[in-house]
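Quick notes on the structure that follows.
The values are calculated or read from the model by the stated rules, or taken from the named source; none is laboratory data. Fair warning: this is a prediction, and the values are worked out from it, not measured in the lab. Cβ: placed from backbone, ideal geometry, glycine included. Neighbour counts: every protein chain shown.
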Amino acid sequence: MAALLRLSGVCKSYGALKVTDGIDLSVTEGETLGILGPNGAGKTSLFNLISGDVSLDAGRIEYDGQEVSRLAPHQRCRAGIGRSYQVPQPFGAMSVFENLVTAACFGGKQPEHEAWDTAYEVLVQTGLLAQANKPAGSLRLLDRKRLELARALATRPRLLLLDEIAGGLTEHEARELVEELKAIKARGVTMIWIEHVVHALLALADRLFVINFGTRLAEGAPQAVMNDPEVRRVYMGMEA
Ligand SMILES: Nc1ncnc2c1ncn2[C@@H]1O[C@H](COP(=O)(O)OP(=O)(O)OP(=O)(O)O)[C@@H](O)[C@H]1O
Ligand SMILES: [Mg+2]
């Protein structure tokens, strides 16, 4: 099947620090790719390059058969690349509903009447309906995480990039989140999910990609990757 997203030789450095060092990666339509790696490995940096928040030094990013490496973040979002941020980024003084309408209008390029419908749909889908009129800045952690997912969904993504949305949740909350993500996956949305909560990731991922020092350490079927001695040593601190 054709790749929806393809990265070839993607590089990014900050001074002498290579945070992304020649990454090749592709994701097919409908697939869920899980990304693992130790703290500081370059996972979020990779999302920043895909979403266009940060420009790459070298390499190429193709989405839906077109090169998007030089497009601005809002153009990539409107093309169908939606993302959540590891540190939630809502407009704190605006209500939850207004945050979603804004995402639908500006990120999803939907006309206002359609954006209102989308915002309502997403509120229901993510369990945020009761919080709709609260200022986004007043939400507790679980709901802030939900809003981060909801804002990405309101743009109607074809490719959804999720950065540690299960971090800090209780077991029960993480299970709820996995169920929500399964429903999104069932609708055909392609996902890349960076997550340290491995059991949540394994419940959804079709394939895993492990990053260390900005390079690929391992890639493949989830169980094979989790059993890889090098992955166990680097990521889980276990002896090979
Ligand atoms: N704008 C920047 N300027 C300088 N260094 C940066 C910048 N952004 C990221 N880095 C560095 O790049 C490295 C990779 O950071 P990144 O946020 O991608 O890691 P990560 O794999 O997402 O880690 P975590 O699991 O902790 O979220 C880190 O050493 C980080 O300090
Ligand atoms: Mg990160």
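When residues in the stretch 22-36 are screened for being among the polar types (S, T, N, Q) and surrounded by 21 or more Cβ atoms within 10 Å (Cβ to Cβ), 1 of them pass. For the stretch 103-126, a residue qualifies if it is within 19 Å of the chain's Cα centre (by Cα) and surrounded by fewer than 19 Cβ atoms within 10 Å (Cβ to Cβ), and the qualifying residues are F106, Q125.
Answer yes or no: is there a residue in the stretch 43-51 that is more than 26 Å from Y235 (Cα to Cα), at pLDDT 95 or above and among the aromatic types (F, W, Y). Among the residues of the stretch 43-51, not one is more than 26 Å from Y235 (Cα to Cα), at pLDDT 95 or above and among the aromatic types (F, W, Y), which makes the answer no.
Given N39, N48, which one is free of Cβ contacts under 8 Å to residues at least 40 places away in the same chain and buried (at least 21 other Cβ atoms within 10 Å of the Cβ)? Working first, answer last.
Working: N39 fails: buried (at least 21 other Cβ atoms within 10 Å of the Cβ).
Just a single option satisfies the conditions, and that option is N48.
Taking the criterion of being part of a loop (DSSP other than H, G, I, E, B) and either at pLDDT below 95 or out of contact with any Leu (no Cβ under 7 Å at 6 or more places or on another chain) (or both), the residues of the stretch 54-63 that qualify are V54, S55, D57. If you take the residues of the stretch 155-168 that are within 16 Å of ligand 2 (Cβ to nearest atom) and in a loop (DSSP other than H, G, I, E, B), which of them is surrounded by the most Cβ atoms within 10 Å (Cβ to Cβ)? Of everything passing the filter in the stretch 155-168, I165 is surrounded by the most Cβ atoms within 10 Å (Cβ to Cβ). Kindly indicate whether R216 is more than 30 Å from E98 (Cβ to Cβ), within 16 Å of ligand 1 (Cβ to nearest atom), among the charged types (D, E, K, R) and in the same structural domain as T28 (by TED's automatic domain parsing). Yes.
Does R76 satisfy the condition of being assigned to a helix (DSSP H, G or I) and among the charged types (D, E, K, R)? Spelling it out, R76 is indeed assigned to a helix (DSSP H, G or I) and among the charged types (D, E, K, R).
Among the residues making up the stretch 22-45, those that are in contact with a Gly (Cβ under 6 Å, 6 or more places away or on another chain) and not in a loop (DSSP other than H, G, I, E, B) are G22, K43. Of all positions in the stretch 9-21, at least one carries a residue that is surrounded by fewer than 16 Cβ atoms within 10 Å (Cβ to Cβ), farther than 16 Å from L162 by Cα, free of Cβ contacts under 8 Å to residues at least 60 places away in the same chain and away from ligand 1 (no atom under 11 Å from the Cβ). Kindly indicate whether any position in the stretch 64-73 is farther than 21 Å from L217 by Cβ, touching a residue at least 60 places away in the same chain (Cβ under 8 Å) and outside any loop (DSSP other than H, G, I, E, B). No: the stretch 64-73 contains no residue that is farther than 21 Å from L217 by Cβ, touching a residue at least 60 places away in the same chain (Cβ under 8 Å) and outside any loop (DSSP other than H, G, I, E, B).
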